[in-house]
Amino acid sequence: MTVPRPFHVYDVTKEWLNSKIQTDSSQFKFTASRIIESTNDLAKNEAFSKSIPGEKIYLADIQTKGRGRGANAWIAPPSGDALLMTWSWELENAAQPITAPLMGLHIYRALNQTFSNAGLSLKPPNDIYFLNNKILGILAEALQQGPRHRLIVGFGLNVFSAPSGVPIAGCLSALEQKNGEPDRNENEQYLTAPIWLKFLDDLATELRTAVKKSQLNEMPQKDCEDLLAAIRRHPAGLRYTRVFPNGDLETAQNDMLSWRNL
């Protein structure tokens with residue numbers, strides 16, 4: 001039986017952004033588009049515009065040319081079923097190579113703070129999984145123009161459905177149903193708008209923490225430990241035995257792998 005979607009992800013997220021504009025003391029702006037080619041591409045085009053604030057958020061319902069890492073395309077579910085978002089920040093100094101693992105870790109933390117599920121894991125370099133299915137992909141890009149630095153982080157989260165024709169794709173609502181009590185009615189909603197708003201609050205906090213760390217040369221030791229734990233929860237993650245402060249990984253065969261080369 002198909003359970004009706006309890007809310008439209010784009011609409012509720014746009015309302016959340018509007019409310020934050022009115023109450024958040026940090027100055028930021030956002031752009032929301034029903035249909036767009038790519039939120040990351042728009043963020044890059046505007047990165048060094050004179051009018052852009054220190055923080056800007058780009059939200060879309062549908063992306064026609066969404067991108068993943070390298071030449072990979074991001075295939076999104078239908079309208080209202082996914083969170084397609086890019087955050088753009090002005091930095092005092094250049095983003096360091098630890099940025100990619102930091103962003104993955106902090107988005108993973110936001111999901112865990114709201115949904116708290118042992119089935120969540122992180123697959124280097126930029127994917128978050130629920131059990132054997134990918135539910136979120138991250139694309140971080142550092143830009144420089146003269147003395148100015150900008151960090152752009154885009155991600156797509158499948159919330160209520162996964163795109164057809166992608167065998168490894170999953171969605172967040174499957175995670176919530178796993179968290180449900182055994183005696184719940186199968187038609188009862190697990191992922192509601194209030195829960196979603198809590199996640200967005202947690203996400204904003206975690207992303208803003210990560211961007212501050214992105215200009216450091218090394219990750220804090222606690223982040224290294226948490227990152228390793230998140231990786232080792234993935235079905236293929238047991239091959240890793242250590243995460244170093246510079247983002248390098250050590251395997252069970254004592255091989256050293258750079259996060260940037262994954």
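The values are calculated or read from the model by the stated rules, or taken from the named source; none is laboratory data. This structure is a prediction, so every number in the text was calculated from the model and none was measured. Please note: Cβ atoms are built from the backbone with ideal geometry, for glycine as well, and neighbour counts cover all protein chains shown.
Values for this structure:
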item	result
Criterion (touching a His at 6+ places or on another chain (Cβ under 9 Å) and of a type in the set (A, V, I, L, M)) met by exactly one of 142, 174, 100, 118	142
Counted residues, the stretch 94-112 - those being at pLDDT below 95 and over 24 Å from residue 226 (Cα atoms)	0
From the options 47, 43, 60, residue that is more than 25 Å from residue 195 (Cβ to Cβ), under 17 Å from the mean Cα position of the chain (by Cα), modelled with pLDDT of 95 or more and surrounded by 16 or more Cβ atoms within 10 Å (Cβ to Cβ)	43
Restricting the stretch 242-252 to residues that are in contact (Cβ under 8 Å) with a residue 12 or more places away in the chain and either polar (S, T, N, Q) or not in a strand (DSSP E or B) (or both), the residue that is surrounded by the most Cβ atoms within 10 Å (Cβ to Cβ)	247
Residue 216 crowded, with 19+ Cβ neighbours inside 10 Å, modelled with pLDDT of 95 or more and of a type outside the set (Gly, Ala, Ser)	no
Listing of strands (runs of 3 or more DSSP E) fully contained in the stretch 39-138 that carry 2 or more residues being touching a residue at least 12 places away in the same chain (Cβ under 8 Å) and farther than 23 Å from residue 260 by Cα	55-63, 82-91
First in the stretch 5-32 and closer than 19 Å to residue 51 by Cα, second anywhere and at pLDDT 90 or above and part of a helix (DSSP H, G or I), Cβ under 6 Å, 6 or more apart	30/17; 32/14
